[in-house]
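Enquirer: After the structure tokens below, expect a handful of questions from me.
The values are calculated or read from the model by the stated rules, or taken from the named source; none is laboratory data. The structure displayed is predicted, hence computed values, not measured ones. Ideal geometry is used to build each Cβ from the backbone, glycine not excepted, and the neighbour counts take in all protein chains shown.
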Ligand code: F6R
């Protein structure tokens with residue numbers, strides 16, 4: 001999603017703004033731009049595509065101003081062209097925006113009727129006109145922003161720079177994050193603390209409905225109503241987080257290889273490994289023993305983590321789970337009982353639909369436990385309980401290490417709830433803990449299959465479609481494998497419960513269709529073996545991910561087998577995620593795709 005940066009500096013700020021925007025690249029974008037004051041007058045440079053294109057423009061025609069705003073745009077309204085890139089400007093001001101102005105049509109019609117001409121296809125341009133109009137009518141910049149903000153509907157963050165105002169930036173936020181960074185005689189604005197980490201670790205987060213007048217030596221916080229308020233400064237840990245690729249070709253490669261370490265670190269946070277017990281770093285709601293069901297909401301890969309978790313909550317805690325993608329859940333008429341528990345799963349903690357479900361659940365008197373990777377996110381601030389995934393910053397747009405860490409947390413939570421409800425005895429808990437402790441080592445072992453997968457990927461790259469099959473927890477993993485392949489390589493892929501094969505998708509099977517079967521040695525593997533035979537009988541090309549000897553046992557010929565180490569069945573989904581990720585990664589790399597920033601995708605989806 002879009003990234004915002006603003007700097008009130010001592011010298012030229014354009015290079016610093018580009019540097020900060022680079023730290024926001026992970027959010028996904030398709031154009032970029034910057035505006036500064038040159039001798040007090042507004043100047044802009046914008047470019048379609050990556051930041052490199054913006055830098056080339058700045059090389060040709062540098063900006064030297066000591067105050068400026070910058071933006072990476074992920075197109076929502078209008079194509080990703082230079083003309084639609086932010087900042088949007090008129091003779092009074094420049095503005096950058098993250099999110100959506102829902103009532104932009106209505107405002108545009110009103111402004112057009114007043115004689116304003118519109119030059120772009122964006123929703124953002126109405127903000128520039130609305131505030132510009134108020135300044136033309138004689139208002140000071142702060143008064144003009146104050147008059148415009150109550151008129152804007154939707155979820156957004158904004159940063160303004162004004163013609164002739166060398167010591168003022170204004171930031172505002174409503175449902176999208178914005179942070180103020182405090183420096184020595186310099187001040188900053190950014191979509192998150194990571195963007196500002198090279199400049200300062202003293203951060204104030206704006207809350208929904210806040211806006212701030214930022215000057216080099218002061219900052220004033222107000223509510224949309226105009227009321228003056230105080231907001232706390234906090235120390236951010238973002239500077240400690242390394243944002244480089246190390247020796248890897250892509251962030252995604254680095255993040256896949258970090259998994260044994262970060263999953264191990266996450267497990268250590270939730271388990272007493274020596275005692276063979278789960279030990280949560282927070283207390284579960286007191287009524288957990290009385291609950292009969294849980295609600296689980298998430299989007300995309302985090303949703304598939306939740307679907308796998310559902311099997312564990314049912315099995316270990318005897319809790320029924322109502323799970324849905326957040327974009328559907330928020331508009332269903334779900335009866336929610338006060339005192340119940342909702343679990344939200346999110347890497348970024350900013351996903352608009354998941355956040356809306358969290359708020360919906362809280363309005364219905366539910367407690368919300370969120371499994372989050374970004375500790376400073378909006379969801380973290382609004383949850384009753386935060387269960388962190390200790391994956392570290394995930395920069396590759398496609399989620400990998402956050403997903404496996406989410407699984408680790410879900411597994412521990414399901415066991416802890418089982419114990420709290422008196423349905424998981426200590427011996428079974430100890431057995432499960434020993435299976436979980438083995439997971440990081442098994443993931444490291446799975447990563448050793450990388451070369452074989454790289455060779456296989458060359459073949460897969462020729463496919464038009466790919467089918468993924470699995471049963472039990474391997475079914476959601478099949479969905480996740482298919483999602484990874486399509487988002488990275490743009491090859492069409494589908495995941496199915498293997499038992500559903502004969503209810504339709506079997507019609508697709510022919511010699512051209514690779515069928516990736518995820519079949520760990522679990523209680524349903526014989527059922528999966530029958531489904532493989534059905535595929536083989538119709539000439540389908542099977543790629544089996546299973547333990548050595550699984551193909552012989554199933555009596556099928558495969559196009560390839562990825563031989564996984566022997567392991568306990570309960571948490572096999574976590575190590576088996578590794579080959580699924582590697583298949584997608586290497587297929588996309590072989591096809592020359594941008595795996596870290598696939599087309600059209602955003603890391604942090606702050607619009608619904
Ligand atoms: C796919 C992927 C997305 C995210 C989804 C939710 O690889 O990363 O499907 O999982 O956009 O994002 P978070 O977890 O930040 O809520």
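Enquirer: Based on what the data block shows, is residue 422 more than 14 Å from the ligand (Cβ to nearest atom) and at positive phi?
Expert: In short, yes.
Enquirer: OK, next. Filter region 500-517 down to residues that are outside any helix (DSSP H, G or I) and more than 13 Å from residue 558 (Cα to Cα), then give me how many there are.
Expert: The total comes to 4.
Enquirer: When the residues of region 420-440 are filtered to those that are outside any helix (DSSP H, G or I) and touching a residue at least 60 places away in the same chain (Cβ under 8 Å), which remaining residue is surrounded by the most Cβ atoms within 10 Å (Cβ to Cβ)?
Expert: The residue in question is 424.
Enquirer: Sort through 396, 392 and tell me the only one that's at positive phi and either within 15 Å of the ligand (Cβ to nearest atom) or surrounded by fewer than 24 Cβ atoms within 10 Å (Cβ to Cβ) (or both).
Expert: Just a single option satisfies the conditions, and that option is 392.
Enquirer: So if I check each of 588, 584, 551, 577, which one is assigned to a helix (DSSP H, G or I), buried (at least 18 other Cβ atoms within 10 Å of the Cβ) and free of Cβ contacts under 8 Å to residues at least 40 places away in the same chain?
Expert: Result: 551 is the single residue among 588, 584, 551, 577 that is assigned to a helix (DSSP H, G or I), buried (at least 18 other Cβ atoms within 10 Å of the Cβ) and free of Cβ contacts under 8 Å to residues at least 40 places away in the same chain.
Enquirer: Whether any residue in region 441-450 is crowded, with 22+ Cβ neighbours inside 10 Å, assigned by TED's automatic domain parsing to the domain that holds residue 278 and out of contact with any strand residue (DSSP E or B) (no Cβ under 9 Å at 6 or more places or on another chain) is what I want to check.
Expert: Yes; the residues of region 441-450 include at least one that is crowded, with 22+ Cβ neighbours inside 10 Å, assigned by TED's automatic domain parsing to the domain that holds residue 278 and out of contact with any strand residue (DSSP E or B) (no Cβ under 9 Å at 6 or more places or on another chain).
Enquirer: On to the next question. Could you tell me whether region 401-419 includes any residue that is in a loop (DSSP other than H, G, I, E, B) and either at pLDDT 95 or above or surrounded by fewer than 23 Cβ atoms within 10 Å (Cβ to Cβ) (or both)?
Expert: The answer is no, given that none of the residues of region 401-419 is in a loop (DSSP other than H, G, I, E, B) and either at pLDDT 95 or above or surrounded by fewer than 23 Cβ atoms within 10 Å (Cβ to Cβ) (or both).
Enquirer: Right, here's the next one. Wholly within region 36-112, which strands (runs of 3 or more DSSP E) include no fewer than the required count, namely at least 3 residues that are on the phi > 0 side of the Ramachandran plot, surrounded by 18 or more Cβ atoms within 10 Å (Cβ to Cβ) and free of Cβ contacts under 8 Å to residues at least 40 places away in the same chain?
Expert: none
Enquirer: A further question follows. In region 545-602, how many are more than 24 Å from residue 261 (Cα to Cα), more than 16 Å from the ligand (Cβ to nearest atom) and in contact with a helix residue (DSSP H, G or I) (Cβ under 6 Å, 6 or more places away or on another chain)?
Expert: Qualifying residue count, region 545-602: 7.
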